[in-house]
Amino acid sequence: MPRSRRSGKRVFFFIIFMLAFLLLMKSTDLKKIGMSPLEGALRDVFAPLQKFSVTATRWLEGKLSLPIALINATRQNKQLTREVAELKGRLVELEECRLENERLKKLLDFQTRLPGDFKGTSAAVIGRDPGNWFQTITLNKGFRQGVQVNMTVLVPEGLVGRVVKVSANTAQVMLITDPRSAISSLVQETRSPGIVEGTSDTSGRLRMIHIPYDIFVRRGQTVVTSGLGSLFPKGVAVGQIMDAKKDPTGLFYNATVQPFVDFNRLEEVFIITELAGELPEKTGDRESGS
Amino acid sequence: MRITVFGILVLATFIQVTALESVRLFGVKPDLVLILLIFYAFLRGTREGSFWGFVAGFLKDVATGGYFGLNALDHLAAGYLAGLMQTVLYKDNPFVVATITLLICLFQGLIHYLLLFYLGIFISPGVGLGKIIFCGSVYNGAVALLLYRWFFRTYTRVYP
């Protein structure tokens, strides 16, 4: 066969191959399908090994950082003692506020969902996304333990993300810092709505967009989930506003939000499996924040 | 030999999703799978580079979940490009290989960024090009500098 004809054939097959993969890529979008049986089986097989590897790494980290930790321990001890005293005082204040809030709610017959209404299960982080582009984690619990797609994942500090894929014994969680994530949120103090998006920024910050222009947004305000048309329950802490600017149209504010959760140090998380007697929706759609 | 290479790639992917999280610098972690692929392709040529690039990317796609082919395509391109350098550059100089690794990681990052556009995922250029691609490539180049001598010694024992 002449050489030119052979290379022409190669180019032809290469183009077909590329097109096939571009189509495959689109068809495997997270919002379109669940987990394939092969993928699920592989995840389940690797889950115990991943757990072992993560534990071994943490043990090694602990050993290596021991001398430095000892040097800092005395200083930290003094600081923590002072903080504990402060926090005890604040706890009493907060308890007082909570009781007052409960009384007012009873008076107004206003139904809200408090963290006490959540039912859930804890899970350990056993894996991370291999690249720097997406922000996902793998947990050691799956549908056998009652975990379903779109369930909310939290830690005491705030919102972590939502379950996007589930196998028998593992679940993949899209963190709120993932560029595909969007959460309908509120600025707690002013009740200004907006959408908190992940940015993939290596600093771990989020972006809150579409905040109405009529109420001033300032640094230090707290952002919580709004619960409106959302998969996330209302009132879960998301982060704190670092700065805000008007968007190019001048109609909205855009703000940078520092999440409360340190995503690099997530070890255990809490999955909400039931919320005030109802289960989260089981759709596979991407969170739109509307 | 193929089983060994496949085993090494599986192990590297496994380390990538677990242990490497603790060595993040400036928010990025090194890509061990890509670095090993570039080493191997650089020593073996385009044919094996493309093949193992595809396999390595596919393993990452399985580990990531979703968008099957996203990593497979850009790793295939990276493997091919590293294979092209086989005949034109010195194989025993870690600085040469570290530079190649840096450049190929930049190229692979750009392809990945464009494929994300195709999938409808927009990441701002400052974050995507500046932080993830550039910082990630420099980090990979530095890790390549540390690892290549060991890899080359092992390789020359297997393929004398």
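Bear in mind these aren't lab numbers, they're just calculated from the coordinates by the rules spelled out. Given the structure is predicted, the values throughout are model-derived calculations rather than measurements. Neighbour counts are summed over all protein chains in view; Cβ atoms, including those assigned to glycine, are modelled from backbone coordinates with ideal geometry.
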Quiz prompt | Rounded if a/c under 1.5, otherwise prolate or oblate - segment A:229-271, Cα gyration tensor axes | solution = oblate
Self-check item: Pairwise Cα inverse-distance average, inverted: Kirkwood Rh of chain B (Å)
Solution: 15.6
Self-check item: Length-normalised contact order for chain B - Cα pairs under 8 Å, 6+ apart - percent
Solution: 23
Self-check item: Candidates B:VAL143, B:VAL55, B:VAL96, ranked by Gaussian network fluctuation over chain B, Cα under 10 Å, top entry
Solution: B:VAL96
Quiz item: Relative contact order for segment B:90-160 using alpha-carbon pairs under 8 Å, separation at least 6, rounded to a whole percent?
Solution: 51
Quiz item: Say the dipole of the protein assembly as shown comes from +1 at the beta carbon of Lys and Arg and -1 at that of Asp and Glu; which of B:GLY27, B:LEU59, A:GLN188 then lies farthest toward its positive end?
Solution: B:LEU59
Practice problem: For a footprinting-style exposure proxy, rank B:HIS75, A:HIS210 by other Cβ within 10 Å, fewest first. | Solution: A:HIS210, B:HIS75
Exercise. For chain B, with a Gaussian network of springs between Cα atoms less than 10 Å apart, report the residue from B:GLY65, B:GLY130, B:GLY83 with the top mean-square fluctuation.
Key: B:GLY65
Quiz prompt | Listed residues A:LEU60, B:MET1, B:GLY79: farthest to the positive end of the dipole of the protein assembly as shown (Cβ charges) | solution = B:MET1
Quiz item: If you rank A:CYS97, B:CYS135 by fewest surrounding Cβ atoms within 10 Å, what's the result?
Solution: A:CYS97, B:CYS135
Quiz prompt | Across A:LYS9/B:LYS131; A:LYS245/B:LYS60; A:LYS26/B:LYS60; A:LYS51/B:LYS60; A:LYS26/A:LYS165, pairs whose alpha-carbon gap is larger than 28 Å | solution = A:LYS9/B:LYS131; A:LYS245/B:LYS60
Quiz item: Among rounded, prolate and oblate, which fits segment A:182-261 when a ≥ b ≥ c are the square roots of the eigenvalues of its C-alpha gyration tensor, a/c under 1.5 means rounded, and a/b larger than b/c means prolate?
Solution: rounded
Quiz item: Can you give the Kirkwood hydrodynamic radius for the protein assembly as shown, in Å, rounded to one decimal and based on Cα pairs?
Solution: 24.0
Quiz item: Roughly how many Å is it from the Cα centre of segment B:39-100 to that of segment A:177-202, as a whole number?
Solution: 37
Self-check item: Choice from B:ILE121, B:ILE15, B:ILE35 with maximal GNM fluctuation in chain B (Cα, 10 Å cutoff)
Solution: B:ILE121
Practice problem: Would you mind ranking A:ASP201, B:ASP74, A:ASP262 so that the residue whose beta carbon has the fewest other beta carbons within 10 Å leads the list? | Solution: A:ASP262, A:ASP201, B:ASP74
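State, as an integer percentage, the relative contact order of segment A:182-261 based on alpha-carbon contacts under 8 Å between residues 6 or more apart. Can you show the working numbers first?
Working: 198 pairs, mean separation 23.7, N = 80.
RCO, segment A:182-261: 30 percent.
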Quiz item: Placing +1 at every Lys and Arg Cβ and -1 at every Asp and Glu Cβ, with all other atoms neutral, what dipole size does the protein assembly as shown have around its Cα centre, in debye to the nearest 20?
Solution: 1540
